[in-house]
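What follows is calculated from the coordinates using simple rules that are stated; it is not laboratory data. All of these numbers come straight from a predicted model, not from anything done at the bench. So basically every Cβ, Gly included, is an ideal-geometry build from the backbone, and we count neighbours across all protein chains shown.
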Amino acid sequence: MEGGGPLEPGLYLLDSSSPRLDPTNTYGRRHLLVVTELNLTLKAGQREALVWATRLDSGQPAAGLTVTFFEDGGNRLGEAVTDKDGLARLDLGQRTNRATVQAVVLPNSGQSFSAVSENWARGVSPYDFGWSTLTLCPATPPTSTPTGASTGPAKPSTSKAFFAPRMT
Amino acid sequence: MNFRLPDVGKVQVTIRDAAYETIFDQSVTLNPNGAFDGQIVLAEGASLGNYVFSASFGDQYFEQYFQVAAYRPPEFEITVEPEAAEVLRGEDVPATIAAKYFFGGPLAGTALDWNVLAQSYRFSPPQLGNYSFDDADDPYTCFDCWWWYQPPAPEPVMSGAGITDAAGELPLTLAGAALDAALGKGSFQLTIEGSAFGPDNQAIAGRATVIVHKGDYYIGLSPQEYVADAGKETAVDLVAVDWAGQRQANRKLEVQIVRYEWVNTYVEADGGGYWTTETKKEETDRFTVTTNARGEAVARFTPPQGGSYQIIALDAGSPAQAGVRSSIFVWVAGKDDVSWRRENNDRLTLISDKTGYAPGETAEILIPSPFEGEHLALVTVERGRILRREVIKLTGSSTVYRLPLTAADAPNVYVSVVLVQGRNGPNSGDAPRLADYKVGILPLDVTPSAQTFKVTLTPGVEQSQPGQPVTYNLTVTDVDSRPVPAAEFSLDLVDKAVLSLQPRPADAIVERFYGRRGLGISTSSGLAVSANRFLLELAADMGLEQDAMVEAQATSTMERAAEKEMAAGAPLPPPMMAAAPAMEEAMADEGMAGMIANKAEIPAGVDVRTEFSDTAYWNPVIVTDEKGQAEVTVTLPDNLTTWVMRGVGVTGDTRVGEGTVELVATMPLLIRPVAPRFFVVDDRAELAANVTNNTAQALAVEVSLAADDGVLIDPATPAAQTVTVPANGETKVTWQVVVQDVPQTELVFAAVSSDGQYKDAAKPRLTTGPDGSLLVLRYTAPDTVGTAGQLVEGGQRSEVIALPPGFDERRGELTVQLDPSLAAGMRDGLSYLEHYPYECTEQTVSRFLPNVLTYDALKSLGIENKELEAKLPGLVDEGLNKLYTQQNPDGGWGWWATNESNVQVSAYVVFALTKAQQAGVEVSATVLANGQNYLTGQLTPPGASPG
């Protein structure tokens, strides 16, 4: 936008260049920029996702928004509509992976664009609170002999198995 | 937390041994409670180590390990009981070490060694995970980094010895002053260990731990920003808690701010130089703060210049609290430094009135919101899923949220609070108007009382004797003391001596079903990567007008476009039995006649204990009746020990529970043989028996050893000896014996009181021969001799075979093999080659070449052998493929696949490939040609020097 000024809500690509920068290396020079009037708080697990939509100006809930959920790779998980509290929940069923979840409010029917990714958690991840998180993953048989490695204790659950993540 | 049974009907059960070989693989049917049972018998000589037990259905897979070991159960146990589990540095540590037989009774007058190991102890209450309670002088030490922090190994700090008293106990006091001098700085975990040799010459140890705290309470530090700016105020949150993690109000804390600087100097030296580093410390500030009602305080300071700052917090109230000290490091960027982005501090510390709750209780959670005025909070209760959610309105900075907890919340939940504030809302101070958010997560434990039941096992007698039937009553009640019918139990009765070797965790089934669960839910927000907030920070870093950086409407979030590169020994043979030398020769030894005469018989009317078992009873399915009860009767084996009956139960609605009870099996007068597991011919050994008198009066006891002809007893130690065994004491009786050349021998040790009232007899518990006998082994060297010849016509031929001197006719064998041709005789050799563990190229050829030549010979001689004809092509192909893959790019072969080419090895391979080609095997022309080219290139012209 020439001459500056506020951007309309939407998804932008911010690119920068300089004679002093290597033109073949775009790392750090390009950013996706979400311009929005809505803040999305995302809570994501293996089997469900919850979005809390609030307005950035008033801090009040944004009701009636259709939120579309995706996971890494662009796989569309489904959509849900925010209630009076700004909450939209999507049951992910028996999802067999723990791919990162993204939630997007698409600019349809006049609603403002917004987005959030599960990894936008700077400083507030479980690790930052001093705990390691235990993820839920589908249990799979070992692919090799267990010599020198342990899968950790298996913990039964309602329908899936809990496994401590393998760490090397 | 609740479970439901999978609707699968069957599960696949697999058991793999220590070598990961499958020894059991079967589909088993689940009963209505989702349980199954079965058994396997381990083969003689089964591999020792960890076995893997797995069960799978659908895409689900579970596994567990169990250990197979060779062991000898101990007769006694050592226990260490400290008076207190936690003490303050400088305090004495009293403890009692006790040595007691599993069959009851002390080891009086026994020499005990004790030692104390110390290892650093990290105080880290789970509900305060974002605080550090450590105290380190090195900013590069990361206690919270699992990839960095290695717990130090325990170091011995004290040791000593003593003799147990009449009760088998050794009271011990670790002097506080001596202990304090032996320990380094900080808190420690002590391991007090006692060990003793029992009358059976077995060394047994026991241990317990004691925490030695460095102070009465701990101070936790949590920087509000790990990277601060020189000349600008920064803050560190403090919290004071006692050993149990309870917050301590009104604690006066002294805070010291110390700047670290490292001066690196290059020191010139002969032949080069080296760097030395000197640490300079400068105190830049010192002040006191007092903890509030929540045990919290904030230390604010302004670092004057860049560098690393140690923030030290210590007790300022009393000299006696000198040990109360914690510290943490904060990096400060100076004006001349590259200013890197500050760490986010959007965390909110939630505070609960307790850390653990019973179902039905209400947790009171303080939300110390930093936002003023009315704002919203999303409160969620999480554990793998979002169990509950609620948006609430906060009007102040100290809202108490009340969360009723139910049985479904067991075993634990995480309470998450997300606060948001719009940019139009009230802001504190003159901060620019930006939308803001905070996140707090608080773990709460909830007792799984509704998911578990109480298991009570009661034996029908207080004490029993070996071989006696004992009835056990099982009673199961729920949290409201109501009976639990239809609960399915497995009952096992195991010798406690075995359990002392490999203790099993108590309530394992409760922990497995209802142990603490992970969070499993992530929280993220667009505000976490808000460009406006970054701009605000940048403005602060650059000293710019902050309001100018804030657009009233243009609130945006950005995500860094991820670049692809960013996204992106075979066991020793057992000794063999040997031919018995003529007994008459042995009899000629001086004194042998006396030995033969020195015999004793098993006393009449004495039952010999021969049935020893580690597991006396196991029943996988016992179901409680409508009263929640069940009953079993078990006949105890002949062990003298403490038996542990365990019941592990589950219901169809997955309530679980475990209970144990101990029962001592002993006798008024008992004898415990001390003998090896086997003998070797001509052994001169000392056998012994420990005779224990559990009565209140001394007893005259005839102790005898009844041995068969395999063991002769020295007349100096009569086969039957009369000794006095003190009341509640024991006496050891010994025999010197000579072992004869027999396959096995049988020993029976007996003790009979002089009045005949008390008696006992037993064979050794751990033996190697049949029916409780001891094998008598003889070491011999195997010798294999072979010969071959050719028969050119029919008729009879004689071949004389001379047996070597000293030949053991019980072990030898003669094999005569007649083959129609020499080629047919090669078959056994090929079989051997097939199983040879080939590794290098030479070995591959040495397998491949004979196979090729035999294949050729079989065909050219017309010998029919269908098995070989079926096998050989596969073996030849396998060798061929190996040689193809082992060929180097230059066409040659090295000794190993990764080695450079070697002329001799390459010539050997080319020779073998050529022979294979001649035998009609299809050989890659390219591989062969490349190999030949390599060899040709290695040829040295006459007169030239080798390359």
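When the GluC sites (Glu not before Pro) in the stretch B:866-903 are filtered for DSSP coil states and for at most 13 other beta-carbon atoms within 10 Å of their beta-carbon, the remaining sites are B:Glu900.
Taking a straight Cα-Cα cut-off under 19 Å and skipping sequence neighbours fewer than 8 places away in the same chain, the aspartates and glutamates within cross-link reach of B:Lys882 are B:Glu834, B:Glu839, B:Glu842, B:Asp890, B:Glu900, B:Glu922. Between B:Ala182 and B:Ala244, the C-beta separation translates, for a Förster distance of 25 Å, into a calculated FRET efficiency of about 0.40.
Spacing of the modelled spin labels on B:Ser318 and B:Thr722, each 7 Å from Cα toward Cβ, amounts to 6.9 nm. Estimated at 0.36 nm per residue, the fully extended path between B:Thr96 and B:Glu372 surpasses their Cα-Cα distance by 93.5 nm.
Taking amide H positions as modeled 1.01 Å from N, with prolines and chain starts lacking one, the residues under 5 Å from B:Val446 and 5 or more places away or on another chain are B:Tyr357, B:Asn412, B:Val413. Does chain B classify as rounded, prolate or oblate by the C-alpha gyration tensor (a ≥ b ≥ c root eigenvalues; a/c under 1.5 gives rounded; else a/b over b/c gives prolate, otherwise oblate)? Taking the square roots of the gyration eigenvalues as a ≥ b ≥ c, chain B is oblate. Tell me which chymotrypsin sites (Phe, Trp or Tyr not before Pro) from the stretch B:153-245 have a DSSP coil assignment and no more than 11 other beta carbons within 10 Å of their own. Sparse-neighbourhood loop chymotrypsin sites (Phe, Trp or Tyr not before Pro): none present.
What net charge do the residues around B:Val446 carry, taking every other residue with its C-beta under 9 Å from that of B:Val446, with Lys and Arg at +1 and Asp and Glu at -1?
Combined, the nearby Lys, Arg, Asp and Glu give -3.
Summarising the label geometry, the points placed 7 Å from Cα in the beta-carbon direction at B:Ala69 and A:Arg29 lie 6.4 nm from one another. With θ taken as phi - 60° and the Karplus curve 6.51 cos²θ - 1.76 cosθ + 1.60 applied, the whole-hertz 3J(HN,Hα) list for the stretch A:83-88 is 8, 5, 8, x, 9, 9 Hz, x standing for glycine and proline.
In loop segments of the stretch B:418-512 as defined by DSSP, the GluC sites (Glu not before Pro) with at most 16 further C-beta atoms inside 10 Å of their C-beta are B:Glu462.
Between B:Thr471 and B:Thr284, residue separation times 0.36 nm minus the direct Cα-Cα distance comes to 59.8 nm. Using the Karplus relation 6.51 cos²θ - 1.76 cosθ + 1.60 with θ = phi - 60°, the per-residue 3J(HN,Hα) values for the stretch B:434-451 come to 10, 5, 9, 8, 9, 10, x, 10, 10, x, 10, 8, 10, 4, x, 5, 6, 8 Hz, with x marking Gly and Pro.
What the Cβ-Cβ distance of B:Ile596 and B:Val800 gives, at R0 = 51 Å and to the nearest 0.05, is a FRET efficiency of 0.75. Between B:Ser860 and B:Ala153, the modelled label-to-label distance comes to 6.4 nm, taking each label 7 Å out from Cα in the direction of the beta carbon.
Summing charges over all other residues whose Cβ lies under 15 Å from the Cβ of B:Asn728, with Lys and Arg as +1 and Asp and Glu as -1, gives -2. Residues whose amide H comes within less than 5 Å of that of B:Gly231, counting only those at least five positions distant or on another chain, are B:Gln305 (H built at 1.01 Å from N in the peptide plane).
With 0.36 nm allotted per residue and the present C-alpha distance subtracted, the B:Phe36-B:Arg482 stretch has 157.9 nm of extension available. Could you name the lysines in cross-link range of B:Lys232, using Cα to Cα under 22 Å and dropping any fewer than eight places away on the same chain? Output for B:Lys232: B:Lys281, B:Lys335. A simple rule links phi to the HN-Hα coupling: the Karplus curve 6.51 cos²θ - 1.76 cosθ + 1.60 with θ = phi - 60°, which for the stretch B:298-303 gives 10, 9, 10, 8, 10, x Hz, with x for Gly and Pro.
Within the set B:Lys185/B:Lys354; B:Lys732/B:Lys763; B:Lys496/B:Lys763, which residue pairs have Cα atoms separated by over 22 Å? Distance filter (> 22 Å) returns B:Lys185/B:Lys354.
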